[in-house]
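Colleague: Please see the structure below; I have some questions.
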Amino acid sequence: MDLGCERCYGEDAATVMEYCVKNLQTTQRIVSDSHFGVSVRKCPECGQQFVAIFTEFVDWQGGDDAQYFDVVPVTPIEAKYIVDAKDLLRDLGTLGNRRRRVSSDWPTGGTERISWKRGEFYVREGD
């Protein structure tokens with residue numbers, strides 16, 4: 001299965017993440033909260049759809065809050081499935097478990113790490 005273009009799904013994870021954050025167009029917001037957001041987005045260059053998942057965990061001590069952001073390429077059927085999901089948190093983690101996703105991990109007190117990841121992942125609402 002061909003996914004995306006060089007801009008939204010190229011080899012360098014940091015370059016892809018920067019492009020996705022700045023350029024993907026939000027087509028549908030599923031959850032819009034200050035600490036947890038889920039949206040369907042689309043690449044303006046090639047039309048590839050993605051599900052973007054943002055989670056922030058407030059530490060209430062100094063404002064160095066942990067933040068996690070995953071951008072998962074999806075098929076149109078998967079995008080619709082997530083929009084209509086009965087158990088959103090569980091279903092998000094199974095998205096694209098056979099393909100890579102670009103991920104930003106920025107733990108409290110740590111530095112941001114951007115990388116490609118594969119497989120199921122745990123999704124939890126931020127607080």
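Colleague: Using the basic label-point model (7 angstrom from Cα toward the beta carbon), what is the N97 to D12 distance in nanometres?
Modeller: For the pair N97/D12, the computed spacing is 3.3 nm.
Colleague: Would you work out which of P73, F57, S115 lies farthest towards the positive end of the dipole of the chain? Charges go on Cβ: Lys and Arg +1, Asp and Glu -1.
Modeller: Looking along the dipole axis, the top candidate is P73.
Colleague: How much length, in nm to one decimal, is gained on full extension between C5 and K117, taken as 0.36 nm per residue of separation minus their Cα-Cα distance?
Modeller: Length gained, C5 through K117: 38.5 nm.
Colleague: Assuming 0.36 nm per residue, please report the length gained on full extension of the stretch S32 to D87 beyond their Cα-Cα distance.
Modeller: Using 0.36 nm per residue and subtracting the Cα-Cα distance, I get 18.2 nm.
Colleague: Let me ask something else about it. At 222 nm, what value in deg cm²/dmol follows for the chain if DSSP H runs of at least 4 each add -39500 (n - 2.57) and the sum is divided by all its residues, to the nearest 500?
Modeller: -6000 deg cm²/dmol
Colleague: Then there's this: Per the chain: cysteines with no other Cys C-beta under 4.7 angstrom?
Modeller: So far as the 4.7 Å Cβ criterion goes, C20 stand without a partner in the chain.
Colleague: I would also like to ask the following. If you find the alpha carbon centre of region 28-97 and of region 1-18, how far apart are they in angstrom?
Modeller: Computed from Cα coordinates, the inter-centre distance equals 17 Å.
Colleague: Going toward the positive end of the dipole of region 6-117, with +1 on Lys and Arg Cβ and -1 on Asp and Glu Cβ, which of A13, S32, G47 do you reach last?
Modeller: Towards the positive end, the residue furthest out is G47.
Colleague: Same structure, new question: Neighbour counts of other C-beta atoms within 10 Å: give me I77, I30 arranged from fewest to most.
Modeller: I77, I30
Colleague: Over the Cα atoms of the chain, how large are the radius of gyration and the largest Cα-Cα distance (Dmax), in Å?
Modeller: Cα radius of gyration and Dmax of the chain are 14.0, 45 Å respectively.
Only the coordinates and a few stated rules stand behind these numbers; no lab work does. Given the structure is predicted, the values throughout are model-derived calculations rather than measurements. Don't worry about glycine lacking a Cβ; one is built from the backbone with ideal geometry, like all the others, and counts go over all protein chains shown.
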